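Notes follow the structure.
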Amino acid sequence: MGEGANLARALANRSANDVSPEVLAGEARAIAERHGLSIDVLGPDKAAELGWACFLAVGRGSDNPPRMIVLRSGEAGAKDSSGRNLAIVGKGVCFGLRRISIKPATGWKR
């Protein structure tokens with residue numbers, strides 16, 4: 001678990017221009033392969049088909065199209081002995097408008 005937390009921290013600490021949604025999806029594919037997990041990476045076409053308008057709208061703020069990443073232990077719909085679904089879902093979305101801050105100035109501390 002510690003190694004997983006360290007990997008997640010290392011990825012999160014890399015800059016957005018280094019880890020685009022596609023790069024993050026590649027990292028997830030490598031993790032899936034190393035640990036025998038199944039993976040689905042949904043791009044903009046599938047997101048549009050599923051009606052994920054907000055996900056796509058945020059992704060339009062960048063030249064890097066968004067990805068939804070689903071890692072599963074077992075096949076789609078697999079459950080553990082307690083009947084729980086086994087999946088980790090993460091999104092890779094870049095949003096950048098060149099120096100425009102979407103955070104309010106009041107109460108913002110550095």
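Taking segment 61-105 as the range and being modelled with pLDDT of 80 or more, in a loop (DSSP other than H, G, I, E, B) and in contact with a helix residue (DSSP H, G or I) (Cβ under 8 Å, 6 or more places away or on another chain) as the test, the residues that pass are Asn64, Pro65, Pro66.
Output the residues belonging to segment 23-56 that are more than 20 Å from Arg72 (Cβ to Cβ) and small (Gly, Ala, Ser). Within segment 23-56, Ala48, Gly51, Ala53 meet the criteria. Note on segment 27-47: residues that are of a type in the set (Gly, Ala, Ser) and loosely packed, with under 13 Cβ neighbours inside 10 Å amount to 2.
In this structure, is Ser20 among the polar types (S, T, N, Q), more than 13 Å from Arg72 (Cα to Cα), surrounded by 13 or more Cβ atoms within 10 Å (Cβ to Cβ) and out of contact with any strand residue (DSSP E or B) (no Cβ under 6 Å at 6 or more places or on another chain)? For Ser20, the condition - among the polar types (S, T, N, Q), more than 13 Å from Arg72 (Cα to Cα), surrounded by 13 or more Cβ atoms within 10 Å (Cβ to Cβ) and out of contact with any strand residue (DSSP E or B) (no Cβ under 6 Å at 6 or more places or on another chain) - is met.
Picking from residues in segment 1-45 that are hydroxyl-bearing (Ser, Thr, Tyr) and in contact (Cβ under 8 Å) with a residue 24 or more places away in the chain, the one that is nearest to Ala57 (Cα to Cα) is Ser20. Is it the case that segment 11-22 has a residue that's modelled with pLDDT of 90 or more and over 16 Å from Val89 (Cα atoms)? Within segment 11-22 (the criterion being modelled with pLDDT of 90 or more and over 16 Å from Val89 (Cα atoms)), the answer is no, since none of the residues qualifies. Residue count for segment 3-36, restricted to those that are under 17 Å from Pro66 (Cβ atoms) and in contact with a Gly (Cβ under 9 Å, 6 or more places away or on another chain): 10.
Please enumerate the residues belonging to segment 23-70 that are closer than 11 Å to Cys94 by Cβ and not acidic (Asp, Glu).
Scanning segment 23-70 gives Val23, Leu24, Val58, Gly59, Arg60, Gly61, Ser62, Asn64, Pro65, Pro66, Arg67.
The values are calculated or read from the model by the stated rules, or taken from the named source; none is laboratory data. On a predicted model such as this, the values are computed, not experimentally measured, just so you know. Positions of Cβ are generated from backbone atoms using ideal geometry, with glycine treated the same way; all protein chains shown enter the neighbour counts.
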